[in-house]
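Peer 1: Structure provided below as structure tokens; questions to follow.
Each reported figure results from applying straightforward, stated rules to the coordinates on display, with no laboratory input. Bear in mind the structure is a predicted one, so any value in this text is a computation, not a measurement. All Cβ positions, even for glycine, are placed from backbone atoms using ideal geometry, and neighbour counts span all protein chains on display.
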Amino acid sequence: MKLLEYQAKEVLASLGIAIPPGKVARTPDDAAAACAELGPVAVKAQVPVGGRGKAGGIKLARTPDEARAAAAQIIGMDIKGFKVPLVYCESALEIEREIYLGFTVDRDARANILMLSAKGGMEIEQVAEESPESIARLYPNPWRGPLDFELNQLVFEAGLGEFSRPLTSLIKKLYRAIPELDAVTAEINPLVVTKSGEVIAGDAKLEVDENSAWRHKDLEQRYGGVLEGDPYEVEAKKRGLTYVALDGEIGIIGNGAGLCMSTLDLVQRAGGKAANFCDIGGGAKAEVVQSALAVILMNPRVRGVLMNVFGGITRGDEVAKGLVAARDNLKMQLPLVVRLSGTREAEGRKILKENGIEPGANAWEAAQKIVELTRVRA
Amino acid sequence: MSILLDASSRVIVQGITGREGTFHTEQMMAMGTKVVGGTSPGKGGTTHLGVPVFNTVADAVKATGANASGIFVPPPFAADAIMEAAASGIFVPPPFAADAIMEAAASGIGLIVCITEGIPIQEMINVKDFLRGYPAARLIGANCPGLITPGVAKIGIIPQNITSAGHVGLVSRSGTLTYEVASALSASGMGQSTIVGIGGDPVLGLTFRDVIELFEQDPATTHLVVIGEIGGTDEEHAAELLGRGSRLKTVAFISGRTAPEGKRMGHAGAIISGNRGTAKSKEEAFRKAGVAVAETTDEIVGLLR
């Protein structure tokens, strides 16, 4: 779960990290009121992607009227596919210097990496490319976390020795997001040193592991509904399905993530485009198949469905019967192509054929078939 | 011959009395895997599926000489079980899985296979650090289908009826895609030495590189199929290793060519971040290393001949 900026800042504040004064505004009037209270503010679109400044999602407002106008423009805007649900109005800081601080999971090292750089305010990927030596790195022991002397070394290595005390203490606070929140990425960029010498989080990114969501139900409750998600993803989640919305016209069902991904690839190779990724897991039980099919058919862009099931132990005839029943229960009219393998797959194919469902001999043939069928109807 | 698992492996199952544990232990036994016992805290002293059940992995190892374990426990319990076993199949639900892994390792198990999906990343980072203290313990998974040496033994959930004994080593991040390829190989008369599903999580036990190194040393393995997917750079590291010289005739396949950036495609580890972890970068790495890249799984058998 990727938190929005204001959410991440609330979490940082709860860990004891200083943040600038700010207020969430859901309407232009809220923004005007926030500006009246805080003075000049930056009105910032809340979306879980970078580049919102360039997209026109951040505007400065000196007066409540300006804040109202800015919020009216920004709320509801589309930024990289996300509809802006609200803005965050935040007081400007008197910046002395900008620092980068963050941690993430280094997949190669199978460890968390803490990074600190005097070059704040730029994309860290860009800094890593242009001047990798300017990023100080630490792999803390995951059981005990970073020790004081390790952090001290990190700070001096980054050339920020003059801020050793406040930085060491701040990094320890940020690191608490790992054991306490199961964070997999946290970034404060820029971390601002103000003219009066305070160290304040200018921006914040925080991503919490979805595998640990059961431990942090409060986060989901507080922040889960703010962004208007893809309606089919939302519905699929309710039904416990693994579903990812894509922008094509062919609905996809597969069992297993790798198989499902390779099915999307085959559809594209055949000249079509997938409308979704949907992994129904092993077994391909009839009620799960029906549930997945129901969600896929809710999407009006879908012109046909391809189902790719590799059975192994699963019986092909049972999967076929379940699928026919699901199609009939849902009164599905669109073309449906099924690639089915497993024990008794010949019987399964026969059942499909008798019921007017196209069986593909293999996944590639099935992909070509669904692309052809959906093209004819277009 | 084979890697990691053979007729001499003495296997215990952590979580043997659960529904999944029971079903898959029966399957493992049916193909001749030497399952010598299982664990289920509180059920020590009883018998399940004809083998003794122990409260702890340490007890099981002492009584049975187990050296492998399969973990079938729920996630927040699974990381700890890996640390207790030595060749243990772990079938424990996720809340307990990380603990199960550590229990396996600490009890002297050499081969730990964790099937459980959904272990929190930070717990796996803890497990990886813990395992440094037990260099003899090898972890496969988590979130994997396990491994099988066709006709001999398996730990995990790979269906044996789609496999056949032979000389192709198969290593993969995916479950059903592995079955699909194994099945195609078997149908065309190309048997497998060992099939290893390393799992779909971002922080894993054995990597492609680790498994490929083992296949290189196995005289019975002459061919190799690597099935990767988007996310991370493990495929690139494997390609680099193969590029330095290999005696294995190898074909690689990567799924997720059309996956969009920033979306998790089912597996926790299958995600492109920025421009990192793309199928293109992985395919290029293999081509650069002189490894044939299949564009569809149907092409794999032809390229391998």
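Peer 1: Under Stokes-Einstein, with the Kirkwood radius over Cα pairs standing in for Rh, what whole-number D in µm²/s applies to region A:307-368 at 37 °C and 0.692 mPa s?
Peer 2: Details: Rh = 11.3 Å.
D, rounded to a whole number, is 290 µm²/s.
Peer 1: Using only the alpha carbons of the protein assembly as shown, what is the convex hull's orientation-averaged projected area in square nanometres? Let's see the in-between values first.
Peer 2: Values: hull surface 121.9 nm².
Across all orientations, the protein assembly as shown yields a mean hull projection of 30.5 nm².
Peer 1: Taking each pair of different alpha-carbon atoms in region B:111-227 once, compute 1/r for the pair, average those values, and report the inverse of that mean as the Kirkwood hydrodynamic radius in Å to one decimal.
Peer 2: About 14.3 Å for region B:111-227.
Peer 1: Using only the alpha carbons of region A:163-296, determine the length spanned along each of the three principal axes and report them from longest to shortest in whole angstroms.
Peer 2: 62, 33, 25
Peer 1: Same structure again: Compute the distance in nm between two label points, each set 7 Å from the Cα along the Cα-to-Cβ direction, one at A:ASP29 and one at A:PHE149.
Peer 2: Going from the A:ASP29 label point to the A:PHE149 one covers 6.1 nm.
Peer 1: If R0 is 60 Å, what FRET efficiency do you get for A:GLN126 and A:LYS238 from their C-beta distance, rounded to 0.05? Don't jump to the answer; show the numbers that get you there.
Peer 2: Details: r = 40 Å, r/R0 = 0.66.
Rounded to the nearest 0.05, the efficiency is 0.90.
Peer 1: What is the sum of charges, Lys and Arg at +1 and Asp and Glu at -1, for the other residues whose Cβ falls under 12 Å from the Cβ of B:LEU4?
Peer 2: Working: positive: B:ARG138, B:LYS154; negative: B:ASP6, B:ASP210, B:GLU213, B:ASP218.
Neighbour charge sum, excluding B:LEU4 itself: -2.
Peer 1: What shape does chain A have by the C-alpha gyration tensor, where a ≥ b ≥ c are the square roots of the eigenvalues, rounded means a/c under 1.5, and otherwise prolate means a/b greater than b/c and oblate the rest? Can you show the working numbers first?
Peer 2: On the way: a/c = 2.87, a/b = 1.91, b/c = 1.50.
The shape class here is prolate.
Peer 1: When all alpha-carbon pairs of chain B are counted, what percent fall beyond 27 Å? The partial results should precede the final answer.
Peer 2: On the way: 16788 of 46360 pairs.
Roughly 36 percent, rounded to a whole number.
Peer 1: List, in order, the whole-Hz ³J(HN,Hα) value for each residue of region A:106-113 obtained from phi through the Karplus relation with A = 6.51, B = -1.76, C = 1.60 and θ = phi - 60°; use x for Gly and Pro.
Peer 2: Values, residue by residue: 8, 4, 4, 7, 6, 7, 7, 10 Hz.
Peer 1: Treating only the Cβ atoms of Lys and Arg (+1) and Asp and Glu (-1) as charged, compute the dipole magnitude of region A:21-91 about its Cα centre; round to the nearest 20 debye.
Peer 2: On the way: 10 positive and 7 negative charges, 65 e Å.
Dipole about the Cα centre, nearest 20: 320 debye.
Peer 1: Which whole number of Å³ per residue matches the convex hull of the alpha-carbon atoms in region A:146-209?
Peer 2: Per-residue hull volume (Cα only) is 85 Å³.
Peer 1: Hey, if you put +1 on the Cβ of every Lys and Arg and -1 on every Asp and Glu Cβ in region A:95-223, which of A:ALA109, A:ILE135, A:ILE171 ends up farthest toward the positive end of that dipole?
Peer 2: Comparing the listed Cα positions along the dipole, A:ILE171 ranks first.
Peer 1: Just to verify a number: FRET efficiency for B:LYS288 and A:LYS80, C-beta to C-beta distance, R0 = 35 Å, to 0.05?
Peer 2: Details: r = 33 Å, r/R0 = 0.93.
Using R0 = 35 Å, I get an efficiency of 0.60.
Peer 1: Can you tell me the relative contact order of chain A? Whole percent, Cα pairs under 8 Å, sequence separation 6 or more.
Peer 2: Details: 753 pairs, mean separation 46.0, N = 378.
The value is 12 percent.
Peer 1: Something else now. Taking each residue in A:120-132, count the Cβ atoms of any other chain within 10 Å of its Cβ, then average. What number comes out?
Peer 2: Working: counts 0, 0, 0, 1, 0, 4, 0, 0, 0, 0, 0, 0, 0.
Taking the mean over all residues of the peptide, I get 0.
Peer 1: Tell me which residues come under 5 Å, amide H to amide H, from A:LEU191 once H is placed; ignore anything under 5 positions away on its chain.
Peer 2: A:ILE99, A:TYR100, A:LEU101, A:GLY121, A:GLY202
Peer 1: Using just the helices of chain A, give the 222 nm mean residue ellipticity in deg cm²/dmol: DSSP H runs with n ≥ 4 each add -39,500 (n - 2.57), and the total is spread over all residues, rounded to 500.
Peer 2: Details: 14 runs with 146 residues, N = 378.
Helix-only estimate at 222 nm: -11500 deg cm²/dmol.
Peer 1: Defining a contact as two alpha carbons under 8 Å apart and six or more residues distant in sequence, what relative contact order in percent does region B:158-304 show?
Peer 2: Values: 293 pairs, mean separation 35.2, N = 147.
The normalised contact order for region B:158-304 reaches 24 percent.
Peer 1: Arranged by the count of other C-beta atoms within 10 angstrom, fewest first, what order do B:SER172, B:SER281, B:SER40, A:SER341 take? Mind dumping the intermediate values first?
Peer 2: Numbers: B:SER172 30, B:SER281 17, B:SER40 20, A:SER341 23.
The order, fewest Cβ neighbours first, is B:SER281, B:SER40, A:SER341, B:SER172.
Peer 1: Taking only Cα atoms of region A:231-377, what ratio of Rg to Rh do you get with Rh as the Kirkwood inverse-distance radius? List each step's numbers first, then the result.
Peer 2: Values: Rg = 13.4 Å, Rh = 14.6 Å.
With Rh from the inverse mean 1/r over Cα pairs, Rg/Rh is 0.92.
Peer 1: Spin-label point model (7 Å from Cα, Cβ direction): what's the A:GLN333 to A:GLU347 distance in nm?
Peer 2: Distance between the two pseudo-spin positions: 3.5 nm.
Peer 1: Still on this structure, I have one more. Using only the Cα atoms of region A:228-288, build the gyration tensor, take square roots of its eigenvalues as a ≥ b ≥ c, and label the shape rounded, prolate or oblate: rounded if a/c is under 1.5, else prolate if a/b is larger than b/c, else oblate. Provide the component values of the computation, followed by the final result.
Peer 2: On the way: a/c = 2.39, a/b = 1.18, b/c = 2.02.
It comes out oblate by the Cα gyration axes.
Peer 1: Continuing with the same structure: With point charges of +1 on the Cβ of Lys and Arg and -1 on the Cβ of Asp and Glu, referenced to the Cα centre of the protein assembly as shown, which listed residue (B:THR17, A:MET122, A:GLY53) lies farthest in the positive direction of the dipole?
Peer 2: B:THR17
Peer 1: Which number comes out as Rg/Rh for region A:87-237 once both Rg and the Kirkwood Rh are worked out on C-alpha atoms?
Peer 2: Answer for region A:87-237: 1.00.
Peer 1: Which ordering of B:GLU123, B:GLU284 is given by a fewest-first count of other beta-carbon atoms within 10 Å? Write down the numbers at each step before the final one.
Peer 2: Values: B:GLU123 29, B:GLU284 14.
So the residues, fewest neighbours to most, are B:GLU284, B:GLU123.
Peer 1: Hey, another quick one. Would you work out which of A:GLY22, B:SER69, A:ASN355 lies farthest towards the positive end of the dipole of the protein assembly as shown? Charges go on Cβ: Lys and Arg +1, Asp and Glu -1.
Peer 2: So the residue we want is A:ASN355.
Peer 1: Also: Please list, in chain and number order, the residues 5+ apart from A:ASN112 or on another chain whose amide H is under 5 Å from its amide H, with Hs placed from the backbone.
Peer 2: Amide H neighbours of A:ASN112: A:ASP106.
Peer 1: Give the shape of region A:14-83 as rounded, prolate or oblate, defined through the alpha-carbon gyration tensor: a ≥ b ≥ c are the square roots of its eigenvalues, a/c under 1.5 means rounded, and otherwise the shape is prolate if a/b is larger than b/c and oblate if not. Spell out each step's value before the answer.
Peer 2: Values: a/c = 1.90, a/b = 1.11, b/c = 1.70.
Oblate shape, in that a/c is at least 1.5 and b/c is the bigger or equal ratio.
Peer 1: Give me a comma-separated list of calculated 3J(HN,Hα) values for region B:228-236, in order, Karplus coefficients 6.51, -1.76, 1.60 applied at θ = phi - 60°, integers in Hz, x for any Gly or Pro.
Peer 2: Computed from phi, the couplings for region B:228-236 are x, 8, 4, x, x, 9, 5, 5, 4 Hz.
Peer 1: 7 Å from Cα along Cα→Cβ at both B:GLU295 and A:SER134: what's the point-to-point distance in nm?
Peer 2: 4.3
Peer 1: Using unit Cβ charges (K, R positive; D, E negative) and no other charged atoms, how large, in debye to the nearest 20, is the dipole of the protein assembly as shown about its Cα centre?
Peer 2: Details: 70 positive and 79 negative charges, 259 e Å.
Taking the Cα centre of the protein assembly as shown as origin, the dipole is about 1240 debye.
Peer 1: Please give the charge dipole size of region B:125-283, origin at the Cα centre, charges +1 on K and R Cβ atoms and -1 on D and E Cβ atoms. Round to the nearest 20 debye.
Peer 2: Details: 15 positive and 14 negative charges, 20 e Å.
It comes to approximately 100 debye.
Peer 1: Averaging sequence separations of C-alpha pairs under 8 Å and six or more residues apart, then dividing by the length of region A:179-242, give the relative contact order as a whole percent. Kindly include the intermediate steps, with their values, before the conclusion.
Peer 2: Values: 51 pairs, mean separation 16.5, N = 64.
Across region A:179-242, relative contact order equals 26 percent.
Peer 1: Would you please give the residues with an amide H less than 5 Å from that of B:VAL36, counting only those at least 5 places away or on a separate chain, with H modeled from the backbone geometry?
Peer 2: When sequence neighbours closer than 5 places are left aside, the close amide H contacts are B:VAL11, B:ILE12.
Peer 1: Taking every eigenvalue of the Cα gyration tensor of region B:155-294, multiplying by 5 and rooting it, what semi-axes result, largest first, whole Å? Could you put the intermediate results ahead of the total?
Peer 2: On the way: eigenvalues 109, 61, 33 Å².
Value: 23, 17, 13 Å, ordered largest first.
Peer 1: For chain B, give the share of DSSP beta bridges that are antiparallel, in percent and rounded to the nearest 5; count only bridges with both residues there.
Peer 2: Numbers: 15 of 58 bridges.
The answer is about 25 percent antiparallel.
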